[in-house]
Amino acid sequence: MAMGKLSSLGVGSNVLNYDVIEKLKKADEKAMIEPIDKKMKDNIEKQAELSGIIGMLNGMRGSAQTLSDYSTYIGRKVNVLGDALRATANPGVPIQDISIDIKQIAKNDINEVGTRFEDRSSVFCEQDTNLSFYVRGQRYKIEIKAGTTLGEVAQLITDKSGGTAIGVVMKTGGANPYQLMINSKETGEENKIYFGSTLQSDTIASGSLELTEGDLELVLKDAKGLDQSVNIILPPTEANSKSSDNAQALKKAIKEAIGENPDLADLLGSDINIGIGVGGNTLVINDRRGYQVQVYGSKAKTIGFKQTETPEENLVTSSKVTTTGRMSGNITINGVPLDLSEITERGNSAEQNAQAIAQGLDNVSDLHAYVSKDGKIVINSDDGEVRINAQDEAGREALKKLGLQEGTFAGYSKTQEQTLRLKNIQSGQDAEITYNGVTITRGKNTINDIVGGVSLELVSTTPEGNPATVSITADNENIIEDIKGFVEKYNELMPKLAEVTRYDPDTQTAGIFNGVSFIRMIRSSINKIFSMSSGSGLEIQSLIKYGLSLDDNNKMSFDESKLRNALNSDADAVRDFFIGIDKTILGKDTRVGGVFRVLNEDLDSLVKGSNSTLKLYEQSLTRDDKRLREDRKRTMERLNARYESMAERFAAYDAQIAQTNNSFNSVQMMINQATKGK
């Protein structure tokens, strides 16, 4: 019978009731449960305090680990004199001063389309137009259909070039504020965008290169469109010259030769451009106006010019070979009417039909037409524009058979003149610096391959005769800050250790870990670093020499001026005392000494890994807590069972007492009745 269900317990006896049972049970709980509860409470307190101590020790261990690490002592601080560049240095870089003249910084290529528009959605052109450009050794031709918007053209440029060239719509202000920009994504000369005619060499020959009269000749057009011959003279380069060295020398020689020609000098850098291709070992010759570029000379091909002239682009080339037999339909080309039924015959082959049409066009003064080797009709015009129109339905069908389309087809020069009006705003160029008297060029403004471990970021050019200076020094401030952090963590830990291990004989009170020897030993294990020293006499090394000391209350103080002076005068001695030195012992490299190395190892043994001293103790407390909870549960179950049984026995006794009382009451009643009236 469970306790709580005998609601009439004690009715019969007025003695054997629940109050008696509860008093007995509480007495047993005090004797059996409260000791377990006290142990559980002590265990929880120990776990909480231990967790805090482990956290503090881990913090100190982090500081000790940093101060015992070699990399801490090879940190570098960089100071730059001037605003022309920024610099960073890797740890261990030799302490030094670097002087750099910045002649020019790397830039990306920026070009603007001269036509301005009212909005991004404005129509870019009313007729089909081609936009072609050459960048990073690749030619891109973008077909722009009539009605394409300004924003769509910008996206076409970016998409077709794979992001090598970026089409950007800029709002510049005014009545028609929007303008198309065509920019290179990356900086450097090899990312320059070339419009018009472009001739790129193969890899320029390495080794000694010398050019005399007749070895290399360029034919370029002057401002009037007339041919100008430019002879290139190049003094011999070094025998060990790399291909890139010769490419740069050749570029310089060509620019000098063009600059000396009075009919071409004003075009250099705007309409005529000489540059270096991808990889730095090829040469690029460009005429922005679209005129043909030619290269001659006895050494042209051996130098690297396997292709000696830019190909001429035809304005119109039919997409297929035409049909056979007599054709019908009326078309006009540049206003010249052609009745195909009159110029073709019934028995004509496709080639005869093509030749007949080409001959009919070629007889017109400003048109030039011929049949290519593959049987297609090619049409060009002196004014750089071909206009094709069908005059009837038969004419439209005939154009399909000829592989021609209706519309206006303009060459580059015409498109440049009427629609594009391209203008170079900023020319893609390499960064150029002078270091140790040597001129160095790079395609980017971030340079990390000149001084080992030093990264330079060029910001602007330096004034003539006033180079930027980069001073690389030891970063001692980090060490000082690390020591400050160590002192702070030490002074946080020690009062806690004193609190949990204390014993007051007057009050006979003790800390939670008073009897735990390995907790009491932590303080002495850490403090032994103050007894460590090396050297002798005036050269003796100790923590006191470097500004660390303990007072009578076990509080650590730090005089940073002592450590700073020591680092400035002999940083190696400080490093060796803090981290130890490597010695060969019994044929094995071993690190010996080092106050923070020793401390770090001691702290590792306390808190690092599951087998460390405090981690094992933490696990034992967890196990004790589990065991105590199980003991308490079993003890309570036994007590509950005992008092449930007692309640049942009390109920039986109470019934018997009630029955006896009832019998006695009956006898008493009979006695009372018998004696009544006597």
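The values are calculated or read from the model by the stated rules, or taken from the named source; none is laboratory data. Because the structure is a prediction, the values reported are computed rather than measured. Glycine also receives a Cβ, built like all others from the backbone with ideal geometry; neighbour counts cover every protein chain displayed.
Determine whether Asn568 is polar (S, T, N, Q) and part of a helix (DSSP H, G or I). Against the criterion (polar (S, T, N, Q) and part of a helix (DSSP H, G or I)), Asn568 qualifies. Within segment 317-357, the set of residues being in contact (Cβ under 8 Å) with a residue 40 or more places away in the chain and part of a loop (DSSP other than H, G, I, E, B) comprises Ser318, Ser319, Lys320, Val321, Thr322, Thr323, Met327, Ser328, Gly329, Asn334, Gly335.
Taken across segment 289-299, residues that are over 44 Å from the mean Cα position of the chain (by Cα), of a type in the set (Lys, Arg) and over 18 Å from Gly395 (Cα atoms) do occur, with at least one present. Hey, can you tell me all the residues within segment 314-366 that are under 60 Å from the mean Cα position of the chain (by Cα), among the hydroxyl-bearing types (Ser, Thr, Tyr) and farther than 14 Å from Lys400 by Cα? Across segment 314-366, the qualifying residue is only Thr332. Can you tell me which residues in segment 617-637 are surrounded by 13 or more Cβ atoms within 10 Å (Cβ to Cβ) and under 19 Å from Arg520 (Cα atoms)? Once the filter is applied, which keeps residues that are surrounded by 13 or more Cβ atoms within 10 Å (Cβ to Cβ) and under 19 Å from Arg520 (Cα atoms), segment 617-637 yields Tyr617, Glu618, Leu621. Residue by residue through segment 598-613, note down the ones that are surrounded by fewer than 19 Cβ atoms within 10 Å (Cβ to Cβ) and either without any contact (Cβ under 8 Å) to a residue 60 or more places away in the chain or under 36 Å from the mean Cα position of the chain (by Cα) (or both). Those that are surrounded by fewer than 19 Cβ atoms within 10 Å (Cβ to Cβ) and either without any contact (Cβ under 8 Å) to a residue 60 or more places away in the chain or under 36 Å from the mean Cα position of the chain (by Cα) (or both): Glu601, Asp604, Ser605, Lys608, Gly609, Ser610, Asn611, Ser612. Would you point out the residue of segment 344-363, among those that are at pLDDT below 90 and surrounded by 16 or more Cβ atoms within 10 Å (Cβ to Cβ), that is nearest to Ser319 (Cα to Cα)? For segment 344-363, the residue satisfying everything is Leu361.
Residues of segment 168-226 being under 24 Å from Glu313 (Cα atoms), in a loop (DSSP other than H, G, I, E, B) and either touching a strand residue (DSSP E or B) at 6+ places or on another chain (Cβ under 9 Å) or outside the structural domain of Gly275 (by the TED database) (or both), which ones? Once the filter is applied, which keeps residues that are under 24 Å from Glu313 (Cα atoms), in a loop (DSSP other than H, G, I, E, B) and either touching a strand residue (DSSP E or B) at 6+ places or on another chain (Cβ under 9 Å) or outside the structural domain of Gly275 (by the TED database) (or both), segment 168-226 yields Lys192, Ile193, Phe195, Gly196, Ser201, Asp222. Checked against (1) under 35 Å from the mean Cα position of the chain (by Cα); (2) surrounded by 14 or more Cβ atoms within 10 Å (Cβ to Cβ), Phe117 meets all criteria but (1). Only one of the listed residues (Pro467, Pro495, Pro505) is assigned by the TED database to the domain that holds Asn436 and on the phi < 0 side of the Ramachandran plot. That residue is Pro467.
Out of all the residues in segment 570-583, is one or more more than 17 Å from Thr72 (Cα to Cα) and of a type outside the set (Gly, Ala, Ser)? The answer is yes; a qualifying residue exists. Go through segment 575-620 and count every residue that is of a type in the set (Lys, Arg) and touching a strand residue (DSSP E or B) at 6+ places or on another chain (Cβ under 8 Å). Matching residues across segment 575-620 total 3. For first residues located in segment 200-214 and touching a residue at least 24 places away in the same chain (Cβ under 8 Å) and closer than 12 Å to Asp245 by Cβ, partners that are of a type in the set (Val, Ile, Thr) and surrounded by 17 or more Cβ atoms within 10 Å (Cβ to Cβ) and lie 6+ apart or on another chain with Cβ distances below 9 Å form the pairs Ile204/Thr282; Ile204/Ile303; Ala205/Ile303; Gly207/Thr237; Ser208/Thr237; Leu209/Thr237; Leu209/Ile303. Residues in segment 159-169 that are surrounded by 13 or more Cβ atoms within 10 Å (Cβ to Cβ) and without any contact (Cβ under 8 Å) to a residue 24 or more places away in the chain: Lys160, Ile166, Gly167, Val168. Reported count of residues in segment 419-437, each being β-branched (Val, Ile, Thr) and more than 32 Å from the chain's Cα centre (by Cα), is 1.
Using the structure shown, decide if Ile447 is without any contact (Cβ under 8 Å) to a residue 60 or more places away in the chain, of a type outside the set (Phe, Trp, Tyr) and in contact with a Leu (Cβ under 8 Å, 6 or more places away or on another chain). Working first, answer last.
On the way: without any contact (Cβ under 8 Å) to a residue 60 or more places away in the chain: yes; of a type outside the set (Phe, Trp, Tyr): yes; in contact with a Leu (Cβ under 8 Å, 6 or more places away or on another chain): yes.
Criteria met by Ile447.
Residues in segment 229-267 that are part of a loop (DSSP other than H, G, I, E, B) and of a type in the set (Lys, Arg): Lys242 only.
Give, as residue ranges, the strands (runs of 3 or more DSSP E) completely inside segment 358-430 that count at least 2 residues that are charged (D, E, K, R) and not assigned by the TED database to the domain that holds Thr115.
Working: elements: 367-371, 377-381, 385-390, 407-410, 423-426.
Counting at least 2 such residues, we get 385-390.
So the check is Cβ under 9 Å with 6+ separation or different chains; which pairs have a first residue in segment 300-316 that's closer than 15 Å to Arg289 by Cα and a second one that's of a type in the set (Phe, Trp, Tyr) and buried (at least 20 other Cβ atoms within 10 Å of the Cβ)? That search, which allows pairs on different chains as well, returns Thr310/Tyr291; Glu313/Tyr412.
Of everything in segment 549-570, what is within 28 Å of Ile95 (Cα to Cα) and either in contact with a strand residue (DSSP E or B) (Cβ under 6 Å, 6 or more places away or on another chain) or among the aromatic types (Phe, Trp, Tyr) (or both)? Give them in sequence order. Matches in segment 549-570: Phe558 only. Picking from residues in segment 38-96 that are small (Gly, Ala, Ser), surrounded by 15 or more Cβ atoms within 10 Å (Cβ to Cβ) and under 27 Å from the mean Cα position of the chain (by Cα), the one that is nearest to Lys496 (Cα to Cα) is Gly75.
Which one of these is among the small types (Gly, Ala, Ser) and buried (at least 18 other Cβ atoms within 10 Å of the Cβ): Gly587, Gly580? Walk me through it before giving the result.
Values: Gly587 fails: buried (at least 18 other Cβ atoms within 10 Å of the Cβ).
Being among the small types (Gly, Ala, Ser) and buried (at least 18 other Cβ atoms within 10 Å of the Cβ) holds for just one of Gly587, Gly580, which is Gly580.
Picking from residues in segment 445-461 that are part of a loop (DSSP other than H, G, I, E, B) and modelled with pLDDT of 95 or more, the one that is farthest from the chain's Cα centre (by Cα) is Thr461. Within segment 371-392, the set of residues being of a type outside the set (Lys, Arg), surrounded by fewer than 19 Cβ atoms within 10 Å (Cβ to Cβ) and free of Cβ contacts under 8 Å to residues at least 60 places away in the same chain comprises Ser372, Asp374, Gly375, Asp382, Asp383, Asn389.
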